[in-house]
Amino acid sequence: MNLRESMGIALGALRANKLRSFLTLLGTIIGVTSVIAVLSVVEGLNRFVTQKLLNAGANAFYIDSYGFVTSQEAFDAVKNNPPVTLDDAEALRDGVPHAAMVVAQADHFEPIRYRDQLVKAVDVKGRGPGWEIIEDYALGSGRTISELDDGRRQLVCVLGSELADQLVPRLDPVGHTIRVGAETYEVVGVMSPKGKLFGQSQDRFVVIPVRTFQKYKAERANFQVAVKADDAATLPVAQQEARLVMRARRHLGPLRKDNFGITTADNVMDLYRTLTGGIFVVTIGVAAISLLVGGIVIMNIMLVSVTERTREIGVRKALGARRRDILSQFLVEATTLSLMGGLIGVAAGVLLALLAGTITPLPTAISVPGVVLGIVMSAGIGVFFGSYPAWRAARLDPIEALRYE
């Protein structure tokens with residue numbers, strides 16, 4: 001019996017017992033669906049996060065009082081660090097030769113009003129010139145914050161596209177004035193939309209010059225300084241230069257620890273990979289259990305099939321079929337059964353991932369290695385768990401098999 005005939009017998013058994021076949025393959029389907037769906041979400045998140053982090057360039061880093069804190073113990077160790085100030089930003093601008101751009105920034109939430117329109121809890125960003133490059137925003141209309149605006153502490157602002165639509169619908173807000181807290185600001189520009197990040201809008205904000213922010217919003221604010229190195233190759237040099245500037249300003253001796261933090265895109269990516277790696281391992285573990293259960297069910301069904309077809313096996317052996325012929329026949333049948341479950345699981349996993357990407361804020365991307373892995377795993381389950389039933393069938397005595405009722 002050739003491979004095609006064995007596969008035909010297996011598919012015939014599937015058609016003859018549709019409900020039993022579906023229940024037999026359910027464990028494999030669930031396991032492969034889980035693998036495909038999880039890998040698609042992880043792949044989508046990986047691409048999305050990498051793109052967002054690298055949009056500003058892999059050569060950007062941030063200096064603030066705390067650094068990249070990921071636990072309560074780490075926060076307790078740095079919570080008393082002195083604040084980063086605008087003077088620190090000026091010192092970094094002058095003292096880091098390999099910095100292409102140094103931008104001070106701080107945030108505050110306040111209501112925004114335009115005539116009878118009121119929008120509550122808007123992110124008021126105090127930013128220095130060049131902030132849009134660091135944060136990867138494109139100008140939609142008007143202009144952005146200039147050195148002159150910042151130096152003179154001008155009452156001017158730039159709106160995010162969503163906030164502009166809420167305050168001044170169907171009109172260009174450039175040239176209009178709005179109330180940001182207690183002050184009146186002239187709108188000089190509107191940024192192009194960026195969309196949502198994990199369901200949160202990135203376009204609901206107002207930007208004012210950072211020195212204006214210091215004067216009117218938070219005189220003693222704890223600022224953050226974004227530093228963009230000349231290129232990725234000079235990033236370590238720029239970081240070291242920035243560290244030396246900050247240590248000198250804070251009079252830290254050689255044996256004293258930094259009382260400020262430096263955060264890079266690599267720090268964020270490392271944490272992200274740790275978090276998604278844990279989720280991935282747990283989910284794959286659950287999927288592996290489903291596949292194991294599915295494999296056991298396939299083995300049981302194949303043992304039942306061997307029992308039901310004992311006389312058939314006897315006839316085949318009496319007509320000259322060898323042990324390896326019977327063995328390969330049942331192995332192919334078990335593998336075909338499992339592979340059918342795997343293909344159904346792949347299709348279901350792809351559909352589930354596309355559906356999740358459509359109706360939820362989770363970014364998804366179909367993982368080709370995941371699809372290949374699902375198919376290979378299902379085929380492997382069939383071979384492994386079909387081996388014992390195939391061995392039992394191959395070892396049947398033809399005379400005893402012919403007598404079996």
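The values are calculated or read from the model by the stated rules, or taken from the named source; none is laboratory data. Here the structure is a predicted model, which is why all the values come from computation and not from measurement. Glycine gets a Cβ as well: all are built from the backbone with ideal geometry, and neighbour counts include every protein chain shown. Please note that ligands, DNA and RNA were not included when accessible areas were found on the heavy atoms of the full protein model with its side chains. Shrake-Rupley method; radii C 1.70, N 1.55, O 1.52, S 1.80 Å.
Taking the Cα centre of the chain as origin and assigning +1 to Lys and Arg Cβ atoms and -1 to Asp and Glu Cβ atoms, the resulting dipole is close to 1320 debye. For a paramagnetic label modelled on H176 (point 7 Å from Cα along Cα→Cβ), amide N atoms under 12 Å away belong, within the stretch 100-115, to 113-115.
Were the residues from V281 through N222 laid out at 0.36 nm apart, the gain over their Cα-Cα distance would be 17.4 nm. Lys and Arg at +1, Asp and Glu at -1: add these up for the other residues within a Cβ distance under 11 Å of M246 and post the number. Its environment carries a net charge of 0.
Put the Cα centre of the stretch 190-230 next to the Cα centre of the stretch 108-130 and the gap is 10 Å. Hydrophobic long helices, here whole DSSP H runs in the chain with Kyte-Doolittle means of at least 0.5 and Cα atoms spread over 24 Å or more along the helix axis, are found at 18-55, 265-308, 323-359, 368-394.
For the chain, modelled as a GNM with alpha-carbon contacts under 10 angstrom, which of A365, A347, A182 fluctuates the most? Highest fluctuation of the listed residues: A182.
Let me check I've understood the local charge: for P193, count other residues with C-beta under 14 angstrom from its C-beta, Lys and Arg +1, Asp and Glu -1. What total comes out? Around P193, the charge tally is -3. What the Kirkwood sum gives for the stretch 274-328 is a hydrodynamic radius of 14.2 Å, with every pair of different alpha carbons counted. May I ask which residue of F109, F61, T85 lies farthest towards the positive end of the charge dipole of the stretch 45-149, with charges of +1 (Lys, Arg) and -1 (Asp, Glu) on Cβ and the Cα centre as origin? About the Cα centre, the residue reaching furthest to the positive side is F109. Under 16 Å from a point placed 7 Å out from the Cα of E312 along the Cα-to-Cβ direction: which residues of the stretch 357-389 have their backbone N that close? Counting only backbone N, you get 389.
When Rg and the Kirkwood Rh are both derived from Cα coordinates, the Rg/Rh ratio for the chain amounts to 1.23.
Quick check: residue separation of L319 and R243 times 0.36 nm, minus the Cα distance between them. What number comes out in nm?
Net length gain for the segment: 18.9 nm.
For the chain, the per residue solvent-accessible surface stands at 51 Å², with DNA, RNA and ligands left out and a 1.4 Å probe. Given a 10 angstrom Cα cut-off, can you work out which residue in F48, F22, F385 is the most mobile in a GNM of the chain? Between F48, F22, F385, it is F22 that shows the largest mean-square fluctuation.
Across the accessible surface of the chain, with the other protein chains kept in place and a 1.4 Å probe, carbon and sulfur atoms take up 60 percent.
When Rg and Dmax are taken over the Cα atoms of the stretch 259-405, they come to 23.0, 87 Å.
For the chain, relative contact order (Cα pairs under 8 Å, six or more residues apart, normalised by length) works out to 30 percent. With 0.36 nm allotted per residue and the present C-alpha distance subtracted, the L292-A138 stretch has 50.3 nm of extension available.
Per DSSP H run of at least 4 residues, take -39500 (n - 2.57); add these up for the chain, divide by its residues and hand me the 222 nm value, nearest 500 deg cm²/dmol.
Result for the chain, helices only: -19000 deg cm²/dmol.
Bridging of K215 to lysines at a Cα separation below 23 Å is possible for K120, K125, once same-chain residues fewer than 8 apart are set aside. Please give me, ordered by residue number, the trypsin sites (Lys or Arg not before Pro) of the stretch 276-325 that lie in loop per DSSP and have at most 13 other Cβ atoms within 10 Å. Answer in residue order: R322. When the Gaussian network model of the chain links Cα atoms closer than 10 Å, the mean-square fluctuations of L92, L148, L303 top out at L148.
Between L23 and S387, the FRET efficiency from the beta-carbon distance, with R0 = 25 Å, is close to 0.70.
The stretch 78-93 and the stretch 149-170 have Cα centres spaced 27 Å apart.
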